[in-house]
Amino acid sequence: MTAPHKAGAATGPRTGGQRRRRPVRGGAPLPLLVPALVGLAFLVLPLAALLIRAPWGSMPELLTSTEVWQALRLSLICATAATVVSMVIGVPLAWLLARVEFPGRGLVRALVTLPLVLPPVVGGVALLMALGRNGVVGRWLDSWFGITLPFTTTGVILAEAFVAMPFLVISVEGTLRAADPRYEEAATTLGASRFTAFRRVTLPLIAPGIAAGAVLAWARALGEFGATITFAGNFPGRTQTMPLAVYLALQSDPEAAVALSLVLLAVSVAVLAGLRDRWMTAS
């Protein structure tokens, strides 16, 4: 009885059935410490430079101009709409990938995650080829229904949803895989349809994953630049979002560009703070 006791003591206390990983004690070796500090400085210094060079005295005037409020309002509306679109079609897609076995599922998952690594400008060109007036689908939308998507506010929403939805799908699929499918199976054995089981059982279980994915998608949509300017253009009040306004201001008014960048930085910090329990909890 002594040996098992010592083995358990050697592994340390357990939390939730898993070993609690402890940080390595002692000083860090110099060959690891120096590049680690350089990497930290490389990431933090540009953000600190924004705060150092910010025109704090004229910040209220810069942030209350009509152009800034137009860009901010459009960004919030489009990012929210893109997130809603991503949730409506992304959650069922995540469920399909996590719960249904079908040929080519790995290929479908790769295609879903492709926008994560695809250059955003390429995504904008792809949207033009698909939904432009002469696009594969866009020509029929234009000739049959008179719907034109490029260079419109709707085009901004579609471009943002294209680049943001994979974040939601990945988050929800991971949550679905971690959830016990026996709850759904029990609901179906009691007479519920698969859709009812999904709506009444699965959705409440995966709600935290959906919320985290939605926040990530919203933040990604808010910061989208390449696909937006390629597919929707840069028209103030119609398609000019905050990142586009930053780019335009940098050429004529660097102080305004810094002020707008600080707004986006504050949003990013708020998103990270909202997800701290998901990613920043010590294990």
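The values are calculated or read from the model by the stated rules, or taken from the named source; none is laboratory data. Just so we're clear, the structure is a prediction, and the values are computed from it rather than from any experiment. Every residue, glycine among them, receives a Cβ derived from its backbone with ideal geometry; neighbour counts consider all protein chains shown. Accessible surface areas use protein heavy atoms only, side chains included; no ligands, DNA or RNA. Shrake-Rupley method; radii C 1.70, N 1.55, O 1.52, S 1.80 Å.
Looking across segment 134-151, the residues that are surrounded by 15 or more Cβ atoms within 10 Å (Cβ to Cβ) and not in a helix (DSSP H, G or I) come down to Gly135, Thr148, Leu149, Pro150, Phe151.
Screening Leu114 on (1) within 18 Å of the chain's Cα centre (by Cα); (2) open to solvent by less than 70 Å² (accessible area, probe 1.4 Å); (3) not charged (D, E, K, R) shows it passes everything except condition (2). Can you tell me which residues in segment 85-121 are without any contact (Cβ under 8 Å) to a residue 60 or more places away in the chain and over 13 Å from Val169 (Cα atoms)? Correct list: Val100, Glu101, Phe102, Pro103, Gly104, Arg105, Gly106, Leu107, Val117, Leu118. Would you check if there is a residue in segment 208-219 being within 30 Å of Phe235 (Cβ to Cβ) and of a type outside the set (A, V, I, L, M)? Yes, segment 208-219 contains at least one residue that is within 30 Å of Phe235 (Cβ to Cβ) and of a type outside the set (A, V, I, L, M).
Number of residues in segment 122-166 that are of a type in the set (A, V, I, L, M, F, W, C) and in contact with a Phe, Trp or Tyr (Cβ under 9 Å, 6 or more places away or on another chain) equals 12. Evaluating Ala187 against the criteria (1) under 30 Å from Thr241 (Cα atoms); (2) part of a helix (DSSP H, G or I) leaves one unmet condition, (1). Assess whether Thr241 counts as being touching a Cys at 6+ places or on another chain (Cβ under 7 Å) and either touching a residue at least 12 places away in the same chain (Cβ under 8 Å) or buried (at least 16 other Cβ atoms within 10 Å of the Cβ) (or both). The answer is yes for Thr241.
Note on segment 152-182: among residues that are closer than 15 Å to Leu131 by Cβ and among the hydroxyl-bearing types (Ser, Thr, Tyr), the one that is most open to solvent (accessible area, probe 1.4 Å) is Thr154.
Residue pairs whose Cβ atoms lie under 7 Å apart, sitting 6 or more positions apart in sequence or on different chains, and linking a residue in segment 260-274 that is surrounded by fewer than 13 Cβ atoms within 10 Å (Cβ to Cβ) to a partner that is among the aromatic types (Phe, Trp, Tyr), do not occur here. On the stretch given as segment 202-238, residues that are farther than 12 Å from Val172 by Cα, in a helix (DSSP H, G or I) and open to solvent by less than 40 Å² (accessible area, probe 1.4 Å) total 8. Selection of first residues in segment 124-136 that are without any contact (Cβ under 8 Å) to a residue 12 or more places away in the chain and of second residues that are open to solvent by 100 Å² or more (accessible area, probe 1.4 Å), restricted to Cβ pairs under 6 Å at least 6 apart or on distinct chains, gives the following pairs, ordered by first then second residue: Ala130/Val136; Gly135/Met129.
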